[in-house]
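Beneath this line is the structure, given in structure tokens, with notes to follow.
Bear in mind that the values in this text are calculations on the coordinates, not laboratory data. Remember, predicted model here, so these are calculated numbers, not experimental data. Here the Cβ positions follow ideal geometry from the backbone for every residue, glycine too, while neighbour counts run over all protein chains shown.
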Amino acid sequence: MRRLSYLVVLLLLSGPLTGCTSPPDNTETASGCTYPDALNFNESAVTDDGSCEYPGPPEEALGCTYEGATNYDVAATVDDGSCEYPPDPVPGCMNSSALNFNATADTDDGSCRYIQPHVLMVLLDGWRPDVIAAAHTPTIDMMMQDSAYSMEARVEDTAISGSGHSSFLTGVHRDKHNVHGNSFGDANYQEYPYWFNLLKYERPEMHTAAYHNWLPMADAALDFSVCGYCVDMYVTGSDNSIATQLATDLANQQMDAVTIVIDAPDAAGHAYGFHPSIPQYVAAMNQSDALIGMMMDAIFARTNYAEEDWMVIVSSDHAGSGYGHGYNIPEHREVPLIIWGVESPGPIWPAPDAVDIVPTALRHMGVDVRPEWDLDGRAVGLEPTGQSDAELGINLVFNGDAELERGYWPSGQDASIPGWTDNGTLTTWVYGAPTYILMDDPGPSDRGLNYFGGGSSGDSSMHQDIDLSAIQSDIQGGSITYSLTAFIGGYSTQDDRMEVLVEFFDSSGNLLLSDGIGPLYAEDRNNTTGIYLQGEIGEVPPSSTYVRVTLNAYLESGYNDAYADNVSLILSNQ
């Protein structure tokens with residue numbers, strides 16, 4: 001046993017025995033299709049066995065394969081020649097409001113042309129309305145057919161050329177432009193400039209031209225220190241020379257906004273008299289009409305006239321009587337205003353003011369008046385106007401609250417009051433002026449900004465006539481009543497006092513009934529400053545065809561401190 005064990009040990013120490021081995025690691029290798037795009041791809045296969053099966057070629061899809069075609073088929077694989085292409089673009093003007101609108105165009109090429117606005121403002125110095133009928137005025141007669149017009153336009157209460165020219169050309173009254181006569185040393189053209197300055201502010205490309213024969217005002221207003229580059233062409237000379245030059249320039253110049261001042265009526269009036277019975281004054285009107293005719297012919301002959309929208313405004317700085325002017329009377333303050341080229345020709349109501357000319361011209365030129373310009377006028381003649389038909393149950397008094405025109409700080413200046421026939425110094429004042437009506441003094445709660453004041457001196461009066469034809473059948477029934485109300489009063493212990501009258505007339509002008517409220521004396525208002533509601537009620541005479549409302553301001557001393565506001569007349573069924 002010991003010998004056997006020893007032998008085993010020797011065998012183990014001498015290494016493996018020949019012919020006696022362990023079985024090898026014989027793990028099986030995976031085979032199959034190793035091509036990923038094959039239908040039978042075997043991701044476990046290591047060895048490709050040639051068994052891969054592939055998909056057949058895709059079926060062809062015929063159609064238009066060009067992406068720019070109108071019938072492009074995203075699913076098509078083979079182009080079949082069916083592609084349809086958009087037509088060539090048709091360039092042109094695509095804005096229907098343009099002169100050259102092309103209804104077939106599908107591509108705007110920037111060629112649109114539009115009617116271009118132009119304006120000519122003609123100031124006939126010293127022009128009375130009634131001389132038109134006495135003179136030979138074929139141009140004005142032609143223009144009137146296509147004009148908005150008034151023969152009762154109002155100018156400054158000074159009725160002097162310097163203040164009148166300035167209001168005509170700046171659009172503000174004399175307390176703003178500060179020209180109260182024919183001296184321009186203190187003119188405030190810096191703040192209230194020649195209207196070209198306002199036009200250029202909004203439309204710097206506009207070409208402006210001024211033709212003046214009276215230089216003091218023009219030189220002051222067009223001075224570079226206040227006008228800058230507001231005027232592109234400034235021509236001076238006699239009436240004939242500047243009118244002839246303007247006609248020439250219209251033929252070959254860009255002319256967007258033009259002013260011209262003609263002096264013939266004023267010169268003839270001072271030399272021979274302001275009246276249509278004076279042959280020399282009538283001759284001056286004939287001459288002025290011929291000069292305007294020359295300008296109009298030049299406008300009509302312009303190369304691009306068919307593409308231009310011309311407005312021609314003709315008015316004056318004052319009228320006159322005797323051998324002069326300068327008084328606050330209708331003969332000096334009432335002038336013609338003709339606005340040719342408007343869409344709604346006919347009378348302008350209520351009567352316009354000279355300061356309305358600049359806002360009207362700016363509106364035509366496509367310029368909106370900015371509040372900071374502080375203009376006094378309003379655009380007129382651009383839309384149909386007329387006094388509203390009378391109705392039952394509403395206030396028939398136009399501008400009875402004094403708000404249609406701006407009020408003045410009491411200073412002796414007399415405002416024109418739209419809607420009223422104002423032949424005296426009755427005016428509109430602002431609430432809040434010291435020693436006049438303050439905002440917390442007795443008066444209407446809805447007092448607005450302005451009230452009526454008696455004016456600078458003497459008794460004064462104004463009225464308006466109201467046509468009742470629209471409610472004639474109601475009145476003829478004999479059951480209509482009227483209610484007349486107003487706030488009236490005065491200043492402190494002074495007996496300046498206001499009266500409001502109502503008068504009914506038949507078709508022949510016969511007075512049928514007169515009634516009224518006031519006047520209020522100082523003791524009636526307990527010697528206090530303010531205005532107090534007063535009223536009267538009565539029956540309307542059945543034959544009434546129109547009614548007149550009148551304000552009478554009676555003076556005791558100093559300024560006429562007779563006050564009124566919120567004047568109302570209402571007709572109603574009983």
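Here are the numbers for the structure shown:
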read-out	value
Rounded, prolate or oblate (a/c below 1.5 giving rounded, otherwise prolate when a/b exceeds b/c) for the stretch 116-373 by Cα gyration tensor	rounded
Calculated FRET value between Ser492 and Ile329, using beta carbons and R₀ = 41 Å, to 0.05	0.85
Values of log10 I(q)/I(0), in the order q = 0.14, 0.17, 0.19, 0.20 Å⁻¹, for the stretch 454-574 under a Debye, Cα-only, solvent-free model	-0.61, -0.80, -0.92, -0.98
Environment charge of Val90, counting only residues whose C-beta is closer than 14 Å and scoring Lys/Arg +1, Asp/Glu -1	-4
Estimated vicinal HN-Hα couplings, Hz - the stretch 544-549 in sequence order (Karplus 6.51, -1.76, 1.60; Gly, Pro = x)	5, 10, 8, 10, 10, 10
Residues Val119, Val78, sorted so that the one with the fewest Cβ neighbours within 10 Å comes first	Val78, Val119
Value at 222 nm in deg cm²/dmol, rounded to 500, when DSSP H runs of n ≥ 4 in the chain each add -39,500 (n - 2.57)	-5500 deg cm²/dmol
Sequence-distant residues sharing a close amide H with Asn188 (under 5 Å, placed H)	Asn178, Val179
Under 5 Å, built H, 5+ apart or other chain: amide partners of Asp157	Asp414
Ranked packing of 175-184, 50-59, 220-229, 328-337, most packed first, by mean Cβ within 10 Å	328-337, 175-184, 220-229, 50-59
Relative contact order (%) - criterion: Cα under 8 Å, at least six apart; region: the stretch 180-245	37 percent
Ordering of 499-509, 431-441, 82-92 by packing [mean C-beta count within 10 Å, highest first]	499-509, 431-441, 82-92
Three principal axis lengths of the stretch 383-490 [C-alpha, angstrom, descending]	50, 31, 29
Part-to-part distance (alpha-carbon centres) for the stretch 253-305 and the stretch 69-108, which is given in Å	57 Å
Local electrostatic count at His275 - Lys and Arg +1, Asp and Glu -1, tallied over other residues with Cβ under 12 Å	-1
Percent RCO, i.e. relative contact order, over the chain, from Cα pairs under 8 Å lying at least 6 residues apart	13 percent
Rg/Rh ratio calculated on Cα atoms of the chain (Kirkwood radius)	1.50
Vicinal HN-Hα couplings computed from phi for the stretch 504-521 (Karplus, 6.51 cos²θ - 1.76 cosθ + 1.60; Hz; Gly/Pro x)	9, 10, 8, 5, 8, x, 7, 6, 9, 7, 10, 8, x, 10, x, x, 9, 8
DSSP-defined antiparallel bridges as percent of all bridges, the stretch 116-373, nearest 5	30 percent
By average C-beta atoms within 10 angstrom, highest first, the peptides 274-283, 455-464, 554-563	554-563, 455-464, 274-283
Modelled label reach - Ser457, point 7 Å along Cα→Cβ, the stretch 543-561 residues with backbone N closer than 19 Å	553-561
Cα gyration tensor of the stretch 300-429 - equivalent ellipsoid semi-axes, whole Å, descending	28, 21, 16
Amide hydrogen neighbours beyond the local backbone of Gly443, cut-off 5 Å, H modeled	Ile531
Backbone HN-Hα couplings from phi across the stretch 40-50 [Karplus 6.51/-1.76/1.60, Hz, Gly and Pro as x]	10, 4, 10, 6, 8, 6, 9, 10, 6, 9, x
